[in-house]
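The values are calculated or read from the model by the stated rules, or taken from the named source; none is laboratory data. Quick caveat: nothing in here was measured; it's all calculated off a predicted structure. Note that each Cβ is placed from the backbone with ideal geometry, even for glycine, and that neighbours are counted across all protein chains shown. Only protein heavy atoms, including side chains, enter the accessible area calculation; ligands, DNA and RNA are left aside. Shrake-Rupley method; radii C 1.70, N 1.55, O 1.52, S 1.80 Å.
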Amino acid sequence: MNPGIAAATALFAIAGTAFAQGPKTLEVIAFGGGGNWPVWAAEDKGLFARNGLAVKLSFTPNSVEQIRNLMSGKYDLGTTAYDNVVAYQEGQGETELPTQPDLFAFMGGYSGSLRFVTQPDIKTYAALKGKTVGVDAATTGFAFILYKLAAMNGLSMSDYQIEKLGGTPARVQALMEGRIAGTMISSPSELLPESKGFTRLGDTTATFGPYQASIGVARRAWAEKHGDELVAFIRAYVAAMDWLQDPANKDEAISIYTKYIPAAPRPAAQKAYETMFAAKEGFQKKAKIDLEGCRTVLKLRSEFAKPQKNLTDPAKYIDESYYARAAR
């Protein structure tokens, strides 16, 4: 056989095999809410499919279940708070894990966009004395922001009670039902209670400056074996972020939001778009991690976490090599 024909035949055989195998399925675990907008856009615009992926997105009730399920291999990767990665890697997590965690952040998600929202009649921190505030977990995530805001305004942790309620959707529901006095809410989920007269008592970006809130998370052992899939996911996610941040796509982006959050009327979705694509916070351009925002997380964790540790190196919990491959 002619060598050129043989080579072409081999290439067609490889392509045929890849086609027959179909897209690689990725199990992704995240918190519910508008923070999943880039994943929804990547799905609806065919960006995952274009990169050879079939992404199955599931929602976790809380960070404890999310981390447990990531470590057990039930899910391949997820989006979570950068603080959660640090907490479990440093042995400061909310729960004991059966194996030594090897979690790392591989890309950014959103920065800041965290509000401390309270009942309509609570206009000062002093009014929180004797009241109950809701958190996902007491020792991870955004709880330390709440503790710091309260401390900066004259409250010790003995002045209020903590109730562990899980992710933002559950905490917003508890707030609006009057079961808690306040909670930290990740944007754009604060828009509903605020539209009903609930008080924004604190704001992360206004108080602390850069804060790396959400990141992409995976296990190092999984990523070493599935690097191509992780790179493909990052490439599709970043492309979705680019598409969402293009003003020409605003109307369609809002339609995607209302498709996945049907309870949100279009004006609310438009407000969510304006909130999440603000200049100083919200979704990060190119899903790029902000090291200054990571340092803010480490400062808060160094102050409040147990056992106490002085954490200063944000890169210890990050591996951007897969991101670099995706950007080529």
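Observations on the structure shown:
- Taking the alpha carbon gyration tensor of segment 91-199, multiplying each eigenvalue by 5 and rooting it gives semi-axes of 25, 17, 13 Å, largest first.
- For segment 123-162, convex hull volume per residue from C-alpha positions, Å³: 63
- Extension gain (nm, one decimal) between ALA127 and LEU155, 0.36 nm per residue minus Cα-Cα: 9.1 nm
- When ARG68, ARG115 are compared by accessible area of protein heavy atoms, the largest-first order is ARG68, ARG115, using a 1.4 Å probe.
- The relative contact order of segment 17-67, computed from alpha carbon pairs under 8 Å that lie at least 6 residues apart in sequence, is 51 percent.
- Axis of helix 143-152 versus longest Cα principal axis of the chain: the two differ by about 30°, to the nearest ten degrees.
- The chain - accessible surface per residue (Å², probe 1.4 Å): 44
- Our summary gives the chain a relative contact order of 26 percent, counting only alpha carbon pairs under 8 angstrom and 6 or more residues apart.
- Around the amide H of LEU201, modelled in the peptide plane, lie the amide H atoms of PHE116, VAL117, THR118, all under 5 Å away and 5 or more residues distant in sequence or on another chain.
- Listed cross-link partners LYS148/LYS316; LYS123/LYS250; LYS148/LYS286 are compared with a 32 Å cut-off, the Cα-Cα value being larger for LYS123/LYS250.
- Rounded to the nearest 0.05, the FRET efficiency derived from the C-beta distance between GLU224 and GLU177 at R0 = 45 Å is 0.50.
- Estimated dipole of the chain in Debye, rounded to 20 [Cβ of Lys and Arg +1, of Asp and Glu -1, Cα centre]: 160
- Value of relative contact order over segment 186-328, rounded to a whole percent, pairs C-alpha under 8 Å and six or more apart: 36
- Surface share of carbon and sulfur [accessible, 1.4 angstrom probe, percent] for segment 258-308: 57
- Computed label-point distance, nm, for sites LYS280 and ALA315 using a 7 Å Cα→Cβ extension: 2.8
- Rolled with a 1.4 Å probe across the full set of protein chains, the surface gives VAL217 an accessible area near 0 Å².
- As a calculated quantity, the FRET efficiency between SER72 and THR25 at R0 = 22 Å, using C-beta atoms, amounts to about 0.80.
- Here LEU291 and ASP242 are evaluated by their C-beta separation; at R0 = 25 Å the FRET efficiency comes out at 0.70.
- A cut-off under 15 angstrom between Cβ atoms defines the neighbours of GLU303, and their net charge, with Lys, Arg +1 and Asp, Glu -1, is +4.
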